[in-house]
There are 6 protein chains.
Amino acid sequence: MPYVTVKMLEGRTEEQKRALVEKVTAAVSETIDAPPEKVFVFLEDLKKSEYAVNGKLLNDE
Amino acid sequence: MPYVTVKMLEGRTEEQKRALVEKVTAAVSETIDAPPEKVFVFLEDLKKSEYAVNGKLLNDE
Amino acid sequence: MPYVTVKMLEGRTEEQKRALVEKVTAAVSETIDAPPEKVFVFLEDLKKSEYAVNGKLLNDE
Amino acid sequence: MPYVTVKMLEGRTEEQKRALVEKVTAAVSETIDAPPEKVFVFLEDLKKSEYAVNGKLLNDE
Amino acid sequence: MPYVTVKMLEGRTEEQKRALVEKVTAAVSETIDAPPEKVFVFLEDLKKSEYAVNGKLLNDE
Amino acid sequence: MPYVTVKMLEGRTEEQKRALVEKVTAAVSETIDAPPEKVFVFLEDLKKSEYAVNGKLLNDE
């Protein structure tokens with residue numbers, strides 16, 4: 001606790017994800033006063049075939 | 001906003017998913033007065049090995 | 001199955017929600033060939049104090 | 001209804017998952033008085049590249 | 001880890017919820033070999049005005 | 001897109017939440033190269049009566 005979930009479009013590199021969890025953990029820890037070892041982050045890749053805006057799947061655009 | 005998530009058993013075709021996001025977006029937009037370009041739909045395929053009813057995984061039935 | 005979740009900003013009327021679940025259920029049922037009595041819909045109201053865009057909570061705008 | 005989701009680190013065997021859904025369904029059914037055929041369980045495998053504690057992805061440890 | 005979420009219709013007593021988390025934790029711990037102090041359970045009450053089956057909200061039935 | 005959800009124990013102040021969404025948005029935006037106006041953050045307060053560790057609800061401890 002706290003638990004952070006980041007849902008993002010597929011395609012980010014491992015390097016970006018590594019930086020993402022590091023910076024997000026720091027941001028959460030500092031602002032709500034939670035020890036960083038208690039901050040859990042879940043990453044979810046979203047495929048373009050599973051995401052639609054305005055009634056259209058992204059892989060159809 | 002709004003955000004719609006549809007979790008369904010794996011196996012639907014791309015054609016069905018295309019129709020699904022189109023019709024669901026229209027249904028949401030009309031009834032709660034949200035512009036369609038602000039309606040986001042997430043599709044989630046559920047595998048039979050990840051879903052259980054009555055204590056049994058579906059791929060064991 | 002299928003399971004549909006609609007997350008929307010607070011403030012919609014009961015009448016709108018009633019129409020929403022009716023139309024969404026029909027849209028899902030028709031397009032992915034699921035019987036309507038197997039379509040489950042969950043509504044989630046999002047408060048303006050719990051939702052941020054561009055780093056700002058909506059109740060601060 | 002009820003709906004149970006179990007998110008766990010990848011690597012459990014089919015045998016373990018089979019036992020998991022059986023025992024969890026029984027535990028839920030007995031304690032909140034829901035018929036087992038109305039207990040739905042969703043399993044989610046979490047990859048080590050998608051999960052971070054203390055700002056570090058598990059596959060980096 | 002693991003993380004368990006139980007979504008159920010509103011109205012269960014504190015006593016039932018206490019038994020629920022105890023038994024579910026034991027069931028998860030035994031079957032997938034996770035120490036009980038690492039099993040986290042989240043309970044979510046679902047209101048009848050937020051849940052629909054067959055296109056009808058439960059509080060309309 | 002991206003969508004960030006932060007689930008935390010109840011009791012944080014509005015001031016803390018304001019800082020939280022600001023810093024988290026910046027962290028996500030910088031690391032995965034997403035414009036901040038496309039970063040959506042959802043906050044979820046978790047009550048002590050809805051959260052259990054080691055088979056015990058937090059409000060029973």
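Please go through the range D:15-31 and pick out each residue that is without any contact (Cβ under 8 Å) to a residue 12 or more places away in the chain and in contact with a Pro (Cβ under 6 Å, 6 or more places away or on another chain). Result: D:SER29, single match. Checking every residue in the range C:29-48 against the condition of being among the β-branched types (Val, Ile, Thr) and farther than 17 Å from D:TYR3 by Cβ gives at least one match.
Hey, can you tell me all the residues within the range F:1-16 that are out of contact with any strand residue (DSSP E or B) (no Cβ under 6 Å at 6 or more places or on another chain) and not in a loop (DSSP other than H, G, I, E, B)? Those that are out of contact with any strand residue (DSSP E or B) (no Cβ under 6 Å at 6 or more places or on another chain) and not in a loop (DSSP other than H, G, I, E, B): F:MET8, F:GLU14, F:GLU15, F:GLN16. With respect to the conditions (1) of a type in the set (Gly, Ala, Ser); (2) in contact (Cβ under 8 Å) with a residue 24 or more places away in the chain; (3) more than 17 Å from E:LEU9 (Cβ to Cβ), D:ALA34 lacks only one, and its number is (3).
Counting only residues that are part of a helix (DSSP H, G or I), acidic (Asp, Glu) and more than 8 Å from chain F (Cβ to nearest Cβ), the range E:17-33 holds 1 of them.
Condition first: within 14 Å of chain F (Cβ to nearest Cβ), modelled with pLDDT of 95 or more and part of a loop (DSSP other than H, G, I, E, B). Can you find one or more residues in the range C:34-52 that meet it? Yes, there is a match, as at least one residue in the range C:34-52 is within 14 Å of chain F (Cβ to nearest Cβ), modelled with pLDDT of 95 or more and part of a loop (DSSP other than H, G, I, E, B).
The values are calculated or read from the model by the stated rules, or taken from the named source; none is laboratory data. This structure is a prediction, so every number in the text was calculated from the model and none was measured. Note: ideal-geometry Cβ built from the backbone for every residue, glycine included; neighbour counts use all protein chains shown.
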